[in-house]
Amino acid sequence: MSRRRNRALWTGLVLLGVVLGGVAYQLLWGGGSDVRIAVEQRLEPPSPSHAFGTDDLGRDVLARVLGGGAIALKVGLVAVGIGLAAGTSLAMVAVRWGRWPARVVGAVMDGLMAFPAILLALAIIAVLGAGYVPAMIAIGIGLIPVFWRQTRAQALAIEGREFVLAARGLGATEARVLWRHVLPQITPLLVIQATTTFSGAVLSEASLSFLGVGTQPPLPSWGRMLLDATRALGVAPWMAIFPGVALAVTVLGINLFGDGLRDALDPQLRRIAGREPVA
Amino acid sequence: MRAARLLALIPTVVMTATIAFVLLRVVPGDPAVLMLGLDASPAELAQLRHQLGEDRPIWAQYAAWLAGLATGRLGTSIQYHAPVAGLIAARLPVTLSLAAAAMAVTVVVALPLGLLAAARAWSPLDLGVLTATQLGLAVPNFWLGILLLLAFSVALRWFPLQGYAPLGAGVGAWAAHLALPAVTLGAARAAQLMRFVRGAALEELGREYVRTARGKGLGERAVLLGHVLRNALIPVVTVAGLQFGFLLGGAIIVEQVFGLPGIGRLVLQGIFARDLPVVQGAVVVLAALVCLLNALVDLLYGALDPRVSVE
């Protein structure tokens, strides 16, 4: 059993390594080839000089796929960071201090959870405007209740345990109890949750960009590339294939890595129900 | 008890409506200017603001928004100059048929395959199903939609490329326009549900009543369909019910792939035209729908399993 699961971890790591390597290559040595327009070589099929072909503006699809990876990972990381930081701290505060603040926060979180994630993101983007930064914020806000819910449940369960009572009995401040005793207990769970929501956040960025409200041109984005591809389906199918492969490989890699990580960190743990990605 | 479960919906829906209201209020920009244009006279603007209720204090506007929601009035669209409720009502059937068709695809694929995979656990068939579900979860639905379009509409020309035909135009045309979108939207859900059915059925297969059923000479088919399926169905209904909410969310994206004139397109047009009443109304209506569906699923348990009572 464990060998099979470890395989998930390693397969995930290898897939992610490929993605990260490609992204790093483009960032370090790409020299802006992902946004360079060359109309005279538009819609060229894959060839030795353009392994993934060129798009309707003559841009190299391989370079754009790699550049899009950088944006996808950045949006995913920041969004998960927003959800993790805000959700966890709100939950900690709600557990320790006060009844009615906890109730108000709880009601708002339930309200946020009631929206399908994509709808909430669209509503926030309607306010902030289109772009990858608003998309990042919108996805992050959608993740706050996910981390809030999990941290709160875990922190409540730990509240009554002896080591917490002992720490308090020894005169530790509330902040110290939370920071040094409660948080370390739930860190493995949060790491796993962050991994599972990360793949969802990457998918969400692609979905929002596909809808035209995420990452804006000329910046490359897998979702936006697929949107452009739908307008040239009959003539340039390669435009529709490669960004999707990159997206699927990344998501699969993160998912497998997360599965493996879960078993490595805590074999007893059951699958954590995270918020669904929008796609 | 059932009434209580439905009543519990109200605070959640009010909270979603409040979040939507707060979001709209944060937006810089004056709806009246957006509707009339920059060269409108101050008197015209003042009159429109009065019409829209914008000159009232914020709490009165909030109360009016909630009261409007309760009576089915969601305000006026800036780009269409028409009631938002009517715009939503015209597009809701498209989105709901897409979500319902996708749900049908999900269940029809996931139940038999998940059950079969559990009955032959760790066989090549089971491992194939598991691998397929892992892939199904990793492939984003809009990319799958594009691939299906490439294969079946561009290359084989079996299905129309874009658009929607209402039921009134004939069942054949309706189904032809909805088939690829439904498969696209249902695929990832089917993968997820299949994993779930497999897990639930495996758990049931290990129980004593299954041994008893086999011991009294029942065939494997009767054990699976008559006993295992029935008991495994309860957790499965939960997951399937929750998935309907995700299907509604996913429908917004899939509509865009296939050019279906549903709620998703309305919301996107609203965002691009800064038509916030439309965005606000559509978002709240969909969120309320998801809440209602989740409550109905809760009530469905009682019907499926008499041991369950809704607290």
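Here, each number is a calculation from the coordinates, and none is a lab measurement. Bear in mind that the values here come from a model prediction, so they are computed numbers and not experimental data. We place every Cβ from the backbone using ideal geometry, glycine too, and count neighbours over all the protein chains shown.
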Show me the ranking of peptides B:157-165, B:92-100 by mean Cβ neighbours inside 10 Å, starting with the highest. B:92-100, B:157-165
For segment B:214-253 versus segment A:92-149, the gap between their alpha-carbon centres in whole angstrom: 32
So the compactness index of the protein assembly as shown, its C-alpha Rg divided by 2.2 N^0.38 Å, takes the value 1.02
Taking the Cα centre of the protein assembly as shown as origin and charging only Cβ (+1 Lys, Arg; -1 Asp, Glu), how large is the dipole, in debye to the nearest 20? 1600
Relative contact order %, chain B, counting alpha carbon pairs below 8 Å whose residues are six or more apart: 27
If one builds a Gaussian network model of chain B from Cα atoms under 10 Å apart, the most fluctuating residue listed among B:Leu242, B:Leu38, B:Leu268 is B:Leu38
Shielding by partners, peptide B:11-23 (average Cβ within 10 angstrom, other chains): 4
Note to self, chain A gives a 222 nm [θ] from helices alone (DSSP H runs n ≥ 4, -39500 (n - 2.57) apiece, / all residues, nearest 500) of -24000 deg cm²/dmol
Where a ≥ b ≥ c are root eigenvalues of the Cα gyration tensor, a/c under 1.5 meaning rounded, otherwise prolate if a/b exceeds b/c and oblate otherwise, chain A counts as prolate
At the level of C-alpha centres, the distance separating segment B:134-191 and segment A:32-70, in angstrom, is 28
Which residue fluctuates the most in chain B, going by a Gaussian network model with Cα springs under 10 Å, if the choices are B:Thr133, B:Thr12, B:Thr184? B:Thr12
Relative contact order of segment A:127-279, pairs being alpha-carbon contacts under 8 Å that are 6 or more residues apart, as %: 28
May I ask you to derive the relative contact order of chain A, considering only C-alpha pairs under 8 Å and at least 6 residues apart, and to give it as an integer percent? 28
With springs connecting C-alpha atoms under 10 Å apart, model chain B as a Gaussian network and identify which of B:Gly217, B:Gly72, B:Gly270 has the largest mean-square fluctuation. B:Gly217
Give me D for segment B:2-70 in µm² s⁻¹, whole number, from Stokes-Einstein with Rh from the Kirkwood sum over alpha-carbon pairs, 4 °C and 1.567 mPa s. 93
Only helices at least 20 Å long along their axis, Cα-based, and averaging -1.0 or more on Kyte-Doolittle count here, so list those DSSP H runs from chain B. B:9-26, B:84-119, B:124-138, B:171-205, B:229-258, B:276-304
Sites B:Arg221 and B:Asp55, calculated FRET efficiency, Cβ-Cβ separation with R0 45 Å, nearest 0.05: 0.05
Cβ-based charge dipole, segment A:105-262, positive-most Cα from A:Gly234, A:Ser221, A:Gly258: A:Gly258
Under-5 Å amide H pairs with A:Thr54, H placed in peptide plane, nonlocal only: A:Leu43, A:Glu44, A:Val61
Beyond 15 Å, what share of the Cα-Cα pairs of segment B:216-311 remains, rounded to the nearest whole percent? 70
Highest mean first, how do A:7-14, B:192-199 rank when packing is the count of other Cβ atoms within 10 Å averaged over residues? B:192-199, A:7-14
Using alpha carbon centers only, segment B:57-88 is separated from segment A:173-229 by a whole-angstrom value of 34
Hey, got the average number of other protein chain Cβ atoms within 10 angstrom for residues in B:285-293? 3
Given R₀ = 56 Å, what would the calculated FRET efficiency be for B:Gln162 paired with B:Leu130, taking r from the Cβ atoms and rounding to 0.05? 0.95
Can you give the percent of C-alpha pairs in chain B whose distance is more than 25 Å? 61
Any helix of chain A counts here only if DSSP assigns it H throughout, its Cα atoms span 27 Å or more along the axis, and its mean Kyte-Doolittle hydropathy is at least 0.0, and such helices are A:2-29, A:61-96, A:132-159, A:183-210, A:238-265
Show the residues, 5+ positions off or on another chain, whose built amide H is closer than 5 Å to the amide H of B:Thr76. B:Val84
Distance in nm between pseudo-label sites at B:Leu96 and A:Leu57 (7 Å out along the Cβ direction from Cα): 4.2
Restricting to DSSP H runs of at least four residues, report the calculated mean residue ellipticity at 222 nm for chain B, -39500 (n - 2.57) per run over all residues, nearest 500 deg cm²/dmol. -24500 deg cm²/dmol
Amide H neighbours of A:Val35 under 5 Å, at least 5 residues apart or on other chains, H built in the peptide plane: list them. none
Over the whole of B:266-272, what's the average partner chain Cβ count within 10 Å per residue? Rounded to a whole number, please. 4
For peptides A:109-120, A:149-160, sequence by mean Cβ density within 10 Å, most packed first: A:109-120, A:149-160
